[in-house]
Amino acid sequence: MKYIILGAIQGLTEFLPISSSGHLVVFEHFLNVHFPGITFEVFLHLATLTAVVIYLWKDVIDIFHFKKYSFWEQPIVLIIIGTIPAGIVGLLFNDRIETFFVTIKWVRYFFILNSFILLTSMWSKGGREKITPWDALLIGIGQSLAILPGISRSGTTITVALLLGIAPRKAFSFSFLLSLAAISGAAVLKLKGIEHFALTTGYLTGFFSALIFGLIAIIVLKRVVLVRKLHYFGYYTLALGIILFFF
């Protein structure tokens, strides 16, 4: 049951715009819930990565249709541009950022910041299907904020895309294509800490739990984005951030 719960937490919070890292800090603080080792964390990252590939398989395949686009319109080029800001922030400030994960002291502020980011999506009037390199860079800068616990990667990237005038469906798709690089990078970094590997029933249970709940989260988020109600999640993280000030 423990592995199912941890998988569900990872699957739901990884994709819903409520911050998986922020919720992990909260769960660890109040429920004493901890991931049982780096190997299990890698399994959960692989599960959420698989969920994205399954749901967006057409978009993933389209990445490799190089003749279909000019160079600066290539999805892979845009993904690389969008990934650069988070990579730079991670490399330069990794040690500092890790201190924000120790207690709930900071996560409550970041939950509230996440709320304001999501609430700005109410003023978006997206309609463009084309993403430019400049768009990709700005969306990537938004993604770099999500390195902080309490700020959602999907929520920030989709909101920035919508505010840039990009159509909801395209904003959703590009956000999750960017997540392929982000989740893969996180998994690779975690791999360095694995000293030995042993496949267990618990790991497999957690994997499929994260995969199933991840797919559910993606489906729910897409519907919310398409009807332009992304800001609803902002009310949740705002309430959560305020509540945490009393603990």
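The values are calculated or read from the model by the stated rules, or taken from the named source; none is laboratory data. On a predicted model such as this, the values are computed, not experimentally measured, just so you know. In this analysis, Cβ positions are derived from the backbone assuming ideal geometry, glycine residues included, and neighbour counts consider all displayed protein chains. Only protein heavy atoms, including side chains, enter the accessible area calculation; ligands, DNA and RNA are left aside. Shrake-Rupley method; radii C 1.70, N 1.55, O 1.52, S 1.80 Å.
Structural remarks
- Residue match in the stretch 119-128 (condition: among the basic types (Lys, Arg), open to solvent by 60 Å² or more (accessible area, probe 1.4 Å) and closer than 27 Å to Gly11 by Cβ): no
- For the stretch 210-247, the candidate set comprises residues that are part of a loop (DSSP other than H, G, I, E, B) and free of Cβ contacts under 8 Å to residues at least 24 places away in the same chain; within that set, the residue that is surrounded by the most Cβ atoms within 10 Å (Cβ to Cβ) is Lys229.
- Contact map, the stretch 65-82: first residue closer than 17 Å to Leu138 by Cα and in contact (Cβ under 8 Å) with a residue 24 or more places away in the chain, second residue open to solvent by less than 30 Å² (accessible area, probe 1.4 Å) and not in a helix (DSSP H, G or I), Cβ cut-off under 6 Å, separation 6 or more or different chains; pairs are Pro75/Ile63; Leu78/Ile131.
- Any hit, the stretch 48-58, residues being closer than 18 Å to Ala161 by Cβ and aliphatic (A, V, I, L, M): yes
- Filtered residue count, the stretch 129-140, keeping only those that are of a type outside the set (A, V, I, L, M, F, W, C) and either open to solvent by less than 60 Å² (accessible area, probe 1.4 Å) or under 18 Å from the mean Cα position of the chain (by Cα) (or both): 4
- Condition check for Ile151: open to solvent by less than 50 Å² (accessible area, probe 1.4 Å) and of a type outside the set (Asp, Glu): yes
- Residues of the stretch 20-77 classified as assigned to a loop (DSSP other than H, G, I, E, B), in contact with a helix residue (DSSP H, G or I) (Cβ under 7 Å, 6 or more places away or on another chain) and closer than 30 Å to Ile104 by Cα, total: 3
- Among all residues of the stretch 113-120, there is none that is touching a Ser or Thr at 6+ places or on another chain (Cβ under 9 Å), farther than 17 Å from Gly87 by Cα and not in a helix (DSSP H, G or I).
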